[in-house]
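The values are calculated or read from the model by the stated rules, or taken from the named source; none is laboratory data. On a predicted model such as this, the values are computed, not experimentally measured, just so you know. A quick note on method: Cβ atoms are made from the backbone with ideal geometry, for glycine too, and the neighbour counts reach across all protein chains shown. Calculation scope for accessible area: heavy atoms of the full protein, side chains included, ligands and nucleic acids excluded. Shrake-Rupley method; radii C 1.70, N 1.55, O 1.52, S 1.80 Å.
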Amino acid sequence: MAFITASGAAALVPEDYVREIQKSLDEGGSKALTRMKRLQNMSRAQTRIPVLSALPTAYFVSGSKTTNAPGKKQTTTMEWANKYVYAEEVAVIVPIGQDLLDDVDYDIWGEVKPAVVEAFGVTLDAAIFHGTNAPAAWPDDILTAATAAGNVVALGTGDDIYDDLLAPGGVWSTVEDDGYVVDGAVAVPSMQAELRGLRDENGQPIFKRDSVQGKTVYTVDGVPLDFIRTGALDDTAALMVAGEWEKLVYSMRQEMTYTILTEAVIQDPDTGDIVYNLAQQDMVALRCVMRLGWQCPNPINRMQAVEANRYPLGVLAPAAGSGS
């Protein structure tokens, strides 16, 4: 009996679209990944990162002032600890009716691409920022780690949002006190209104358009600020995350791959019920899979020797009791 095989149907998905999906994910699907430092691709499911955990000490070499005895050079040590990047799988299956694919005037893959990119980005960002459905092998999420290090400032702690971010005790200073430098920030969309409301000593808006037609470019203390519009940054827990993003790293074990399914049965992962029978329902499905991991090496530095009190990112949290 003749039937359409998966390999025979693969031509339904132009290779250019698959490359675009991967490129879009790297460039904008996940706000967290676009700011982290990307390591070389992983050759196995686990990658080891040696991290400096003890710093050397230098000493003056001088004799006694009373005896003029010659001084002796002292020794020191350095230590390293291991941290690991564990590759975990992220996947989605997009079922599509064959009749839609047969409609040559309808760019179905043009509709699928942004949806897949957004789905992967939301899943990754929610896991990285808040630990939502995060694999157990991944490090603590950003909010948990920043809280443990004392790098969370509630909105309204200072006289205004400027103090909350940039004054002593603000988000920026929590990062700087840990030996890091803020090089970027991301925020929930509602922070745009908060920032537009900031005025200088003459009552002029700090954020102004260069022209009537121009788009406001947001920076805070000279570093770029982007807004996460997918809801992956939960505004009931965090309004802004700022810090030295390149001190967080990620690595790909498997770039985005795709498979066209034509004869598969798709089940509900919780109940086991059959949701789609592709052959009987004249459907195909695009299965997208990637594997990656991330880590915060957080090596020792001269500003903060205690790892538990050190983290490269700080968080602006909602005002206490605000609920948002």
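The table below gives the values:
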read-out	value
Single match in 131, 121 (criterion: on the phi > 0 side of the Ramachandran plot, surrounded by 11 or more Cβ atoms within 10 Å (Cβ to Cβ) and modelled with pLDDT of 70 or more)	131
Residues within region 192-207 that are touching a helix residue (DSSP H, G or I) at 6+ places or on another chain (Cβ under 9 Å) and either touching a residue at least 60 places away in the same chain (Cβ under 8 Å) or of a type outside the set (A, V, I, L, M) (or both), tallied	4
The one condition in (1) at pLDDT below 85; (2) closer than 30 Å to residue 178 by Cβ that residue 303 fails to fulfil	(1)
Residues (of a type outside the set (A, V, I, L, M) and part of a helix (DSSP H, G or I)) located in region 118-135	118, 120, 121, 123, 125, 129, 130
So residue 177, is it more than 21 Å from residue 33 (Cα to Cα), open to solvent by 10 Å² or more (accessible area, probe 1.4 Å) and out of contact with any Ser or Thr (no Cβ under 7 Å at 6 or more places or on another chain)	yes
Residue within region 276-290 that is among the hydrophobic types (A, V, I, L, M, F, W, C), open to solvent by 30 Å² or more (accessible area, probe 1.4 Å) and out of contact with any Phe, Trp or Tyr (no Cβ under 7 Å at 6 or more places or on another chain) present	yes
Tally, over region 158-195, of residues that are of a type in the set (S, T, N, Q) and over 27 Å from residue 298 (Cα atoms)	2
Cross-chain or 6+ apart pairs with Cβ under 9 Å, region 36-52 first and farther than 24 Å from residue 242 by Cβ and in a loop (DSSP other than H, G, I, E, B), then among the hydroxyl-bearing types (Ser, Thr, Tyr) and open to solvent by 50 Å² or more (accessible area, probe 1.4 Å)	45/86
Candidates 246, 255 - the one that is at pLDDT below 85, within 30 Å of residue 293 (Cα to Cα) and of a type in the set (D, E, K, R)	255
Top-ranked residue in region 190-206 [being under 27 Å from residue 248 (Cα atoms) and open to solvent by less than 50 Å² (accessible area, probe 1.4 Å); ranked as modelled with the highest pLDDT]	191
Qualifying positions in region 136-168 - surrounded by 21 or more Cβ atoms within 10 Å (Cβ to Cβ), part of a loop (DSSP other than H, G, I, E, B) and of a type in the set (Gly, Ala, Ser)	149
Failed criterion for residue 75 (all others in (1) modelled with pLDDT of 80 or more; (2) among the β-branched types (Val, Ile, Thr); (3) part of a loop (DSSP other than H, G, I, E, B) hold)	(1)
Residues (without any contact (Cβ under 8 Å) to a residue 24 or more places away in the chain and surrounded by 15 or more Cβ atoms within 10 Å (Cβ to Cβ)) located in region 228-275	264
Considering residues of region 87-109 that are modelled with pLDDT under 75 and not charged (D, E, K, R) only, the residue surrounded by the fewest Cβ atoms within 10 Å (Cβ to Cβ)	104
